[in-house]
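**Student:** Please find one structure pasted underneath; my questions will follow.
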Amino acid sequence: MPLPYSEKLLEYFKHPKNVGKIENPDAKAKEGSPACGDMVTLYLKVDEKTKRITEIKFESFGCASNIATGSIITELAKGRTLEEAKEITWEDASKELGGLPPIKVHCSVLAVDVLRAAIEDYEEKHGLMKDKERTTKEIVLKRLKHVMNPIAGLDIVRTNIVKSVTIEEDTVKVAIALERDHQFASNIKEEVIERLGGLWDIEKIEVGFEKE
Ligand code: FES
């Protein structure tokens, strides 16, 4: 049985807006959906004085709903200040598209999550974070939940391959239960470093591989 997609959603899927990559973005984020494993990357250019989003693009490896909601939220965010863009919700995107089938709600949540993560990335890089909470193990694990374990199609935390996380002053050490020469080891390492890179009080990230 075909999914009940609105005409507008199909139109945005066939002719998506703001798809692509921005070279030298001011901020970017990559998010994966825990529900389906699909990934989206979003890029921002921000006017430093007004804090308005001047350019925004996304690359989606998600489904039609994700591409359509990515188009809508990027259209809504363009020209807004970062604070205004934070207010955009998946419900806004769904409303604009004339509703989403319930099993496709997570696709619009993914689009909104990646926008918020890119804004956070900008704020971290520009020292705009309001509450400078020191990095804790919980904060690290929360970020690691966005790193995919390609072997299982889910993140590395939920698939239990994060053996340990240690924080010593400005260094985070992450041990992954995988052989050092595993085909996905370098991929996972890169993603862990990228994901933890924006933490304001962390200078060094060490990723080790240990398989019993
Ligand atoms: Fe994965 Fe829609 S099913 S983003």
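**Student:** Please state which one of 190, 168 is more than 23 Å from residue 33 (Cβ to Cβ) and of a type in the set (D, E, K, R).
**Tutor:** 168
**Student:** While we're on this one: For segment 116-130, does any single residue satisfy the condition of being touching a helix residue (DSSP H, G or I) at 6+ places or on another chain (Cβ under 6 Å) and within 22 Å of residue 200 (Cα to Cα)?
**Tutor:** The answer is yes, given that some residue of segment 116-130 is touching a helix residue (DSSP H, G or I) at 6+ places or on another chain (Cβ under 6 Å) and within 22 Å of residue 200 (Cα to Cα).
**Student:** Still on this structure, please answer the following. Assess whether residue 93 counts as being open to solvent by less than 60 Å² (accessible area, probe 1.4 Å), modelled with pLDDT of 90 or more, within 18 Å of residue 5 (Cβ to Cβ) and of a type in the set (Gly, Ala, Ser).
**Tutor:** When the stated conditions are applied, residue 93 passes them.
**Student:** Which of the residues belonging to segment 117-143 are of a type in the set (Gly, Ala, Ser) and touching a strand residue (DSSP E or B) at 6+ places or on another chain (Cβ under 8 Å)?
**Tutor:** 117, 118
**Student:** For segment 18-57, what are the residues that are open to solvent by less than 40 Å² (accessible area, probe 1.4 Å), away from the ligand (no atom under 16 Å from the Cβ) and either outside any loop (DSSP other than H, G, I, E, B) or not small (Gly, Ala, Ser) (or both)?
**Tutor:** 18, 22, 27, 43, 44, 46, 53, 56
**Student:** Identify all residues within segment 10-35 that are out of contact with any Asp or Glu (no Cβ under 9 Å at 6 or more places or on another chain) and of a type in the set (Gly, Ala, Ser); write none if there are none.
**Tutor:** Matches in segment 10-35: 35 only.
**Student:** State whether the residues of segment 72-92 include one that is among the polar types (S, T, N, Q), within 15 Å of the chain's Cα centre (by Cα), within 13 Å of the ligand (Cβ to nearest atom) and closer than 30 Å to residue 192 by Cα.
**Tutor:** no
**Student:** Are any residues in segment 103-161 over 16 Å from the mean Cα position of the chain (by Cα) and β-branched (Val, Ile, Thr), and if so, which ones?
**Tutor:** Passing the criteria: 103, 105, 135, 136, 151, 159, 161.
**Student:** Looking at segment 78-109, which of its residues are within 23 Å of residue 49 (Cβ to Cβ) and either out of contact with any Leu (no Cβ under 6 Å at 6 or more places or on another chain) or hydroxyl-bearing (Ser, Thr, Tyr) (or both)?
**Tutor:** 78, 79, 80, 81, 82, 83, 84, 85, 86, 87
**Student:** Okay, moving on. Could you check segment 167-196 and list, in sequence order, the residues that are touching a helix residue (DSSP H, G or I) at 6+ places or on another chain (Cβ under 9 Å) and free of Cβ contacts under 8 Å to residues at least 40 places away in the same chain?
**Tutor:** Selection gives 167, 172, 174, 176, 178, 179, 182.
The values are calculated or read from the model by the stated rules, or taken from the named source; none is laboratory data. Note that the structure is a prediction, hence the values are computed from the model and not measured. Please note: Cβ atoms are built from the backbone with ideal geometry, for glycine as well, and neighbour counts cover all protein chains shown. Only protein heavy atoms, including side chains, enter the accessible area calculation; ligands, DNA and RNA are left aside. Shrake-Rupley method; radii C 1.70, N 1.55, O 1.52, S 1.80 Å.
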